[in-house]
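Below is one structure; the comments refer to it alone.
Laboratory data are not the source of any read-out in this text; all were calculated from the coordinates shown. Just so it is clear, the model here is predicted, and its values are computed rather than measured. Ideal geometry is used to build each Cβ from the backbone, glycine not excepted, and the neighbour counts take in all protein chains shown.
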Amino acid sequence: MLSGFSYFGQTSGLIRGIIKFQINKKMYANMVSLYQVFSGLIPGVSGALLFWILVAIIVAGIGAVLYRRYFKPTSSGAKAIAKTLKSSVTDVVSSVSLFDAAEGEFHYDHICLTPSGIVVVDIKDFRGLLFGGTNTDQWTQVIGSRSYKFENPLYHNREKIQTIKTLIDEEIPVYGCVIFTNAGSFPKDQPEGVFIHDKFEQEFEYAQNDKSVPPKYDEVWLKIKSEVNHVNT
């Protein structure tokens, strides 16, 4: 014989099942109605397929808008940094790629020749307040009441540095850094290897008044320039 609690539990489960079935049945009926709306709009394409294609397009469109709004570098900010960078180093190649046998192709915003060595520079345009650490996997972008996670850009920068080192195979220093546009700021500690554009000229330790480099650096630089592929932007 079932106890009162067991009986009540089974009855409640049955009721929940009936309600869930009715809801699913209603949702299914609504979906069928939606499919019928799209049916026949394009000959040979079912209403269901057309509906989900439309959903995919809408989702992709929303994603593109969010990316452009919060993550894609603005041309003005990136160009301003490129101009500052060009005046601070001996020579620079921009918007190029290098192929790594192990990791594949890497895109480089800027590769610089400086009296200190080769410097790999990545440009980021993240609006709002930024939080992260040198060895923290995920950084945070805060815009108003919303927050977004993004991968530590220094990790990718280090991979690019290693590709350069493998290419030149020389005892010449290769450094790297990430420069953020003035659209964002680090209210707490700014990670090592990260610069903000408006303070870049004062903090960029690789720039020197005397931009001359040793002959060996010139040789390596010519090798790098001969190996890179220019990317259309």
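In table form, for the structure just shown:
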quantity: Listed residue pairs exceeding 31 Å between alpha carbons, taken from Lys83/Lys160; Lys79/Lys165; Lys188/Lys216; Lys86/Lys216; Lys79/Lys149; Lys160/Lys188; calculated: Lys188/Lys216
quantity: Values of log10 I(q)/I(0), in the order q = 0.16, 0.21, 0.27 Å⁻¹, for the stretch 133-207 under a Debye, Cα-only, solvent-free model; calculated: -0.69, -1.04, -1.35
quantity: Asp198, Asp91 arranged by Cβ crowding within 10 Å, fewest neighbours leading; calculated: Asp198, Asp91
quantity: Those GluC sites (Glu not before Pro) in the stretch 90-177 that DSSP places in a loop and that have at most 16 other beta carbons within 10 Å; calculated: Glu103, Glu170, Glu171
quantity: Those trypsin sites (Lys or Arg not before Pro) in the stretch 110-205 that DSSP places in a loop and that have at most 13 other beta carbons within 10 Å; calculated: Lys188
quantity: Placed amide H near His110: partners under 5 Å, 5+ positions off or other chain; calculated: Ser95, Val121
